[in-house]
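Read the figures in this text as sums done on the coordinates, not as results from a lab. Being a predicted model, the structure only gives us computed values, none of them experimental. Don't worry about glycine lacking a Cβ; one is built from the backbone with ideal geometry, like all the others, and counts go over all protein chains shown.
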Amino acid sequence: MTAMGLQAKVAIVTGATRGIGRAITERFLHEGAQVMAAARDPRRGAQVVADLGGREAGIAFTGCDVSRKPEVEHLVCRTVEEFGRLDIVVNNAGLNHAASFLATTEEDWDRVIGVDLKGTFLLSQAAARTLVRQGQGGSIINLSSVMAVLALGDQVPYCAAKGGVTQLTKSMAIALGRHGIRVNCIGPGPIRTELMEVVVHNEAKKRELLERLPLGRVGTCEEVAAVAAFLASDDASFITGQAIYPDGGRMIQGFPPRLEELP
């Protein structure tokens, strides 16, 4: 991996104990950043900190439910107390719920929207206030999904939340641009995570999915982390309000190739 230069930068990464969040945390550390990893489970958090070298390696952990404003504000304050400043925020924490539209309850809706969309808003706002006070700009990266554009009938709150995250990204980019704060989002396609297993939960779905991926494979968490490292770096200094989709071509594939006349 070629270092993109996050030396002396301080980042918050939510949902940092597994999957994409952990991969982003590892990549940021590799690029020279210090990282406040955040998640709801303190046991997993302690394990990640230990696995990745502890405070000497530039990583610490704060427990946080991003759907709760006091916990989000504590996360930002704790990060500044621990590392002296804040430069980068990755809103990665997310969850899903699989049910038909008619069976989805108000509680299901509130739980998914509360973490995936409201949590993104709450942390972004709290962090942006700190970034504005510091006066040196910053980068906010939101995790959306190809399901912000595509849709599934049994993933209603998730699709709505991710569509909201993508639009929230644009609004934030406009609102914060004058402060030198860039806001972008990443919309992963099929990535090998626990969350994907909720959506693609049987062999028939997996076969169908692979037929709709021009690259013919599911992506890795490390490939998403590489996009996050780019967006956080000065290499992306003129990019804001954008959604980047590391999706293996998922969103451009119409019919499966077996139904087309291909050479």
Provide the descending list of Cα extents for region 117-237 along its principal axes, expressed in whole angstroms. 52, 29, 20
To test your reading of the geometry: what angle, between 0 and 90 degrees and rounded to tens, separates the Cα axis of helix 69-83 from the longest principal axis of the chain? 60
Going by how many other Cβ atoms sit within 10 Å of their own, how do M251, M172 line up, fewest first? M251, M172
Pairs beyond 27 Å (Cα-Cα), from K170/K206; K118/K170; K162/K205; K69/K162; K118/K206; K69/K205: K170/K206; K118/K206; K69/K205
Count neighbours as other Cβ atoms within 10 Å of each site's Cβ, and list the trypsin sites (Lys or Arg not before Pro) in region 1-97 that are DSSP loop with at most 12 such neighbours. none
In percent, what relative contact order does region 10-250 have, based on Cα pairs under 8 Å that are 6 or more apart in sequence? 20
Separation between Cα centres of region 73-137 and region 144-190, rounded to whole Å: 13
Only Cα pairs under 8 Å and at least 6 apart count here; give the relative contact order of region 25-101 as a rounded whole percent. 25
Enter the angle in degrees (range 0 to 90, nearest 10) between the Cα long axis of helix 221-232 and the first principal axis of the Cα atoms of the chain, meaning the one along which they spread out most. 50
